[in-house]
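Beneath this line is the structure, given in structure tokens, with notes to follow.
The values are calculated or read from the model by the stated rules, or taken from the named source; none is laboratory data. In this text, all values refer to a predicted model and were calculated from it rather than measured experimentally. Positions of Cβ are backbone-derived with ideal geometry, glycine not excepted, and every protein chain shown enters the neighbour counts. All accessible areas refer to the heavy atoms of the entire protein, side chains included, with ligands and DNA or RNA removed. Shrake-Rupley method; radii C 1.70, N 1.55, O 1.52, S 1.80 Å.
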Amino acid sequence: MALLTRITGPRDLDRLSPEQLDQLAAEIRSFLVDAVSKTGGHLGPNLGVVELTIALHRVFESPKDKILWDTGHQSYVHKLLTGRQDFSRLKMKGGLSGYPARAESEHDVIENSHASTVLGWADGLAKANEVLDRDDHVVAVIGDGALTGGMAWEALNNIAEAKDRPLVIVVNDNERSYAPTIGGLANHLATLRTTDGYERFLARTKEILDRTPVVGRPLYETLHGAKKGLKDFIAPQGMFEDLGLKYVGPIDGHDIEALESALTRAKRFGGPVIVHCLTEKGRGYQPALADEADRFHAVGKIHPDTGLPISTSGADWTGVFADEMVKLGHEREDVVAITAAMLQPVGLDKFAKAFPDRVYDVGIAEQHGAVSAAGLATGGLHPVFAVYATFLNRAFDQVLMDVALHKCGVTFVLDRAGITGTDGASHNGMWDMSILQVVPGLRIAAPRDADQVRAQLREAVEVDDAPTVVRYSKGAVGPAVEAVGRIGGMDVLREAGTDRPDVLLVSVGALAPMCLEIAGLLDQQGISTTVVDPRWVKPVDEAMAPLADRHRVVVTVEDNGRVGGVGCAVAQALRDAGVDVPLRDFGIPPRFLDHASRKEVMAEIGLTAPDIARQVTGLVSKLDGRYERAEVEAARD
Ligand SMILES: Cc1ncc(C[n+]2csc(CCOP(=O)(O)OP(=O)(O)O)c2C)c(N)n1
Ligand SMILES: CC(=O)[C@@H](O)[C@H](O)COP(=O)(O)O
Ligand SMILES: [Mg+2]
């Protein structure tokens, strides 16, 4: 790493020769494979943007110029060139974030990692430059996948309007989201890719003319200057230019010189310009290139030589869903599936294999996915839209106004619900059960184990007159947690063993084992506890209020935001029923949580069995104290 270790900031790149830049690119690739194989992370996307990132940092002056990364999962090279080369704790507590992070560097601007927002950000920053009369540049890098998101097009519509407001949009076209990017836009990019466009014409001309240096170079410069007329003559540029945006490309995204030349021209253009760069996801790393499913989009720890995972975990929540969906598909012809560009991560790849005509990849378009699902349901099918919990946030209005208001039987399967941890604030699924509480008619299932995923998925798809939600965590699914009884629709996981128990512990989803542990700890303090799993947490089961009434305290524990979550819903249901029992709700505080493992985050926010048991013990003791005081006072009177 002779060169890489000497790069302390972008300006160190200025003094490198073309040969050294190529060497640096090779060093970066080898660094990435070595480092990310030890920690896990977004390997494929970063291997693809090595030359592009070098060129961007040579042409633009970050942090004065703002280089913005859509989603931000491809910002590792940017980190390496902006003074962050300790990747030993990537995505771990105290280590580098997996995305740009403002706390890490003045070179980082956006850190939310939900896709397709970068053009909106760029539009705003460019407008601010204009109003404040600054000559800084704004450069937005957006992938072909992120470009399928509607927000990107809303921004382009605005950006195209201001012909003299400088803004450089780099389309990082690697033809893939996870799987190959689909749709009309992807097809259009493919047309542009295969068009022997202006840039390639110039590159080829340069190659030929370079062989005759005396006349060659001046002639090349003249051709270069002819620009627009020549360009249109060689290749009509299609959609982007029709929208009113200057289009430069396609550029070989692994040729630093070509990239710099294109970016320099874009920088000088003085208006909105698109630089279309062709890159290869997983570039230079054979195991990634051989992985047709996702080109090592995001990996766990792997053997660097083979790319094979270091350890294979047992059954996970996604896998359970995946298998049950295939069974359902065989049983019911009306069941169809939707994914927003995440077929394999949400486990719909098996369904797609079995029923290729019954699965729809809508692109990174959660809003459209939800509305399209409403259409499918209205047309007589039962769509199952599998999506990460955090990404459903974007489609809230569509769930409310299109699916729920129209009483459509659509099942939303929310993967990665609850604390996911290592992907940081944006990827925790901690809002779904709060925002969805307000949707009339919608029902939410929070399965506690694999059996319940299977059972509740089946219950969900039986509902054809309202939206249903099945939400579960990331990663390995624990052993089955058996019910010892049933009250209403709720499973009793532990009986208190007395007629007037102290605590009713309401356990939500995957937290069942932890709740049983809490009950055990309370038992050691002489506090009797009933544990119930409501299974369907919205609406609150009718049996909840009478059951709560038989206890002295109600405690709810959920892997979701406390504000507006299941605890709030239960409290409201008790109030409505006139049941006056103290309730304490445990969940995630309304904070953006830094990246760390799930276990570390849970410990930090006090969502652990000992923490909760301690607080409940305190609460019960306080009640005992009050009760004893009341008894003494009553005796005195
Ligand atoms: C709103 C939203 N939906 C889904 C995702 C998950 N996701 C992360 S990266 C990605 C694919 C991005 O493809 P592209 O923009 O082409 O970037 P590449 O990885 O190919 O460089 C997806 C679907 C996300 N981050 N945000
Ligand atoms: C950037 C992004 O949104 C995804 O790539 C995400 O990081 C993947 O998360 P999982 O590893 O949980 O599938
Ligand atoms: Mg892509």
Discussion item. Using only alpha-carbon positions, what ratio does the radius of gyration of region 1-65 give when scaled by 2.2 N^0.38 Å?
Written reply: 1.13
Fill in: Hz values of 3J(HN,Hα) by residue in region 298-309 - Karplus curve (6.51, -1.76, 1.60), Gly and Pro given as x
9, 10, x, 5, 9, 6, x, 6, 10, x, 6, x
Worksheet item: Rank Glu482, Glu366 by accessible area, highest first, at a 1.4 Å probe radius?
Response: Glu482, Glu366
Worksheet entry | Cβ-derived FRET efficiency at R0 25 Å, Asp397 paired with Lys127, nearest 0.05 | 0.50
Worksheet item: Where in region 271-285 does the amide nitrogen come within less than 15 Å of the point 7 Å from the Cα of Ala162, taken along Cα to Cβ?
Response: 271-273
Worksheet item: Asp491's amide H: which non-local residues (gap 5+, or another chain) put their own amide H closer than 5 Å, with H modeled 1.01 Å from N in plane and none for Pro or chain starts?
Response: Asp533, Arg535
Worksheet, complete the sentence: Diffing region 498-506: the Karplus 3J(HN,Hα) column from phi (6.51, -1.76, 1.60, θ = phi - 60°), in whole Hz with x for Gly and Pro, holds 8, 6, 10, x, 6, 10, 9, 9, 9
Practice prompt. Could you look at region 379-530 and say what percent of its accessible area is carbon and sulfur, using a 1.4 Å probe and all protein chains?
Written response: 50
Worksheet, complete the sentence: Using the Cα gyration tensor of region 409-547, the equivalent ellipsoid's semi-axes, largest first and to the nearest Å, work out to 26, 19, 13
Fill in: Full-extension gain in nm, Gln572 to Ile487, via 0.36 nm per residue minus C-alpha separation
28.6 nm
Fill in: Cα-centre dipole for region 74-132 with unit charges at Cβ (Lys and Arg positive, Asp and Glu negative), debye to 20
300
Worksheet item: Using a Förster distance of 41 Å, how high is the FRET efficiency between Ala26 and Ile435, based on the Cβ-Cβ distance and rounded to 0.05?
Response: 0.30
Discussion item. In Å², and per residue, what accessible area does the chain have when probed at 1.4 Å with the other protein chains present?
Written reply: 41
Fill in: Label-point separation in nm, Asp334 to Ala455, each point 7 Å along Cα→Cβ
2.5
Worksheet, complete the sentence: For Glu241, the accessible surface traced by a 1.4 Å probe with all protein chains present amounts, in square angstrom to the nearest 10, to 40
Discussion item. Which residue, Ala155, Gln74, Val139, has the largest displacement toward the positive end of the dipole of region 65-168 when charges sit on each Cβ (Lys, Arg +1; Asp, Glu -1)?
Written reply: Gln74
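Please work out how much length the chain gains when fully extended from Val581 to Lys622, using 0.36 nm per residue of separation minus the C-alpha to C-alpha distance, in nm with one decimal. Intermediate values should be presented prior to the final figure.
Working: separation 41, 0.36 × 41 = 14.76 nm, distance 1.39 nm.
Contour length minus the Cα-Cα distance gives 13.4 nm.
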Worksheet item: Across all directions of projection, what mean area in square nanometres is found for the Cα convex hull of region 309-456?
Response: 9.0
Practice prompt. Please determine, in degrees from 0 to 90 and to the nearest 10, the orientation of helix 118-131 with respect to the longest principal axis defined by the Cα atoms of the chain, where the helix direction is its Cα long axis.
Written response: 70
Practice prompt. Could you list which residues have their amide H under 5 Å from that of Asn560, counting only those 5 or more apart in sequence or on another chain, with H placed in the peptide plane?
Written response: Ile588
Worksheet item: What does the convex hull of the Cα atoms of region 416-467 come to per residue, in Å³, rounded to a whole number?
Response: 85
Discussion item. If I fit a long axis through the Cα atoms of helix 213-234 and take the longest principal axis of the Cα atoms of the chain, what angle between them do I get, 0 to 90°, rounded to 10?
Written reply: 50
Item to complete: Starting from the Cα-Cα distance between Asp135 and Asp523, subtract it from 0.36 nm times their residue separation and give me the gain in nm to one decimal.
Response: 132.9 nm
Discussion item. Once each part is reduced to its C-alpha centroid, what is the distance from region 487-520 to region 530-567 in angstrom?
Written reply: 10
Worksheet item: According to a simple spin-label model (label point 7 Å from Cα along Cα-to-Cβ), what is the distance in nm between Lys301 and Ala2?
Response: 3.3
Response to the item:
With R₀ set to 25 angstrom, the calculated FRET efficiency between the beta-carbons of Asp14 and Asp34, to the nearest 0.05, is 0.40
Worksheet item: To the nearest 10 Å², what's Cys515's accessible area with a 1.4 Å probe?
Response: 0
Worksheet, complete the sentence: With only helices counted (DSSP H, runs n ≥ 4, each -39500 (n - 2.57)), the per-residue ellipticity at 222 nm for the chain, to the nearest 500, works out to -12000 deg cm²/dmol
Fill in: Residues whose placed amide H lies under 5 Å from that of Ile110, excluding near-sequence neighbours
Trp69
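Could you grab the Rg to Rh ratio for the chain? Cα atoms only, Kirkwood for Rh.
On the Cα set of the chain, Rg over Rh gives 1.05.
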Worksheet entry | Cα-based Rg / Dmax (Å) for region 128-172 | 11.6, 33
Worksheet item: Distance from the Cα centre of region 238-317 to that of region 397-430, in angstrom?
Response: 28
Worksheet item: Counting only protein heavy atoms, what percent of the accessible surface of region 1-79 is carbon or sulfur at a 1.4 Å probe?
Response: 55
Worksheet item: Say a paramagnetic label sat at a point 7 Å from the Cα of Ala603, along Cα to Cβ; which residues of region 416-440 have their backbone N under 16 Å from it?
Response: 421-422
Discussion item. Let me check the size of region 91-137 from its C-alpha atoms; what are the radius of gyration and Dmax in Å?
Written reply: 13.4, 41
Worksheet item: Where the accessible area of region 118-189 is counted over protein heavy atoms with a 1.4 Å probe, how much of it, in %, is carbon and sulfur?
Response: 53
Item to complete: Note down the magnitude of the dipole of the chain about its Cα centre, charges +1 on Lys and Arg C-beta and -1 on Asp and Glu C-beta and zero elsewhere, to the nearest 20 debye.
Response: 980
Worksheet entry | For region 254-362: rounded, prolate or oblate by the Cα gyration tensor [a/c cutoff 1.5] | oblate
Worksheet item: Quick one: if you stick a label point 7 Å off each Cα along the C-beta vector at Ser313 and Gln286, how many nm between them?
Response: 3.0
Worksheet item: Is the shape of region 10-162 rounded, prolate or oblate, going by the alpha carbon gyration tensor and its root eigenvalues a ≥ b ≥ c, with a/c under 1.5 for rounded and a/b larger than b/c for prolate?
Response: prolate
